[in-house]
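**Q** Right, I'll just put the structure down here and ask away after.
Please treat every number below as a calculation from the coordinates, not as lab data. Predicted, not measured: the structure shown is a model, and the values here were computed from it. Using ideal geometry, Cβ is built from the backbone for each residue, glycine included, and neighbour counts are taken over all protein chains shown.
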Amino acid sequence: MNNNFTKKYQHLTHDDTKFSISSAIMFIIETNHELYIFTEEDFELAVLFIVEAWNLAIINDDEIISILIKKDAKRLKKVANKPQKQIEAMLMSLIKMKKVLYGDVYRIIGDYEATFKNDEPYLKIASGKDMPADYFANYYREILFNNKK
């Protein structure tokens, strides 16, 4: 995407690390041409997909991610107006990208705002603190399978 598309945005940082998830998400939007085409240049939809993928990527368990991708894709196909298999593939691609670029960040995105203000993209993200790598996998194992590793 061109720099005009993502020129201005707000990002929140955690005082302990100064890492900004919104900056990370904007970087993914700016550098992922496939996402740009898939979302037909829709900033809000691109952010929605990245947030979904980000929250899946921190689970750190392929079996659970596979289950949740199918559920998320079923829900997202109404918003994206794309076939479920294409949505699953896009989510998987974004999960891989998040793991490569930000594999050591285990913060869940709780709430976000992706809009335009003064004709410029605006992104504000609220996230939790970094958790141990197995935290979210254990959480979902308990919910989905009623057990922990």
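**Q** Just for helices (runs of 4 or more DSSP H) wholly inside the stretch 34-149: which have at least 2 residues that are touching a residue at least 24 places away in the same chain (Cβ under 8 Å), aromatic (F, W, Y) and exposed (fewer than 15 other Cβ atoms within 10 Å of the Cβ)?
**A** In the stretch 34-149, no matching helices (runs of 4 or more DSSP H) lie anywhere.
**Q** Turning to a different aspect of this structure: Keeping to the stretch 67-119, report how many residues are touching a Phe, Trp or Tyr at 6+ places or on another chain (Cβ under 8 Å) and of a type in the set (D, E).
**A** 1
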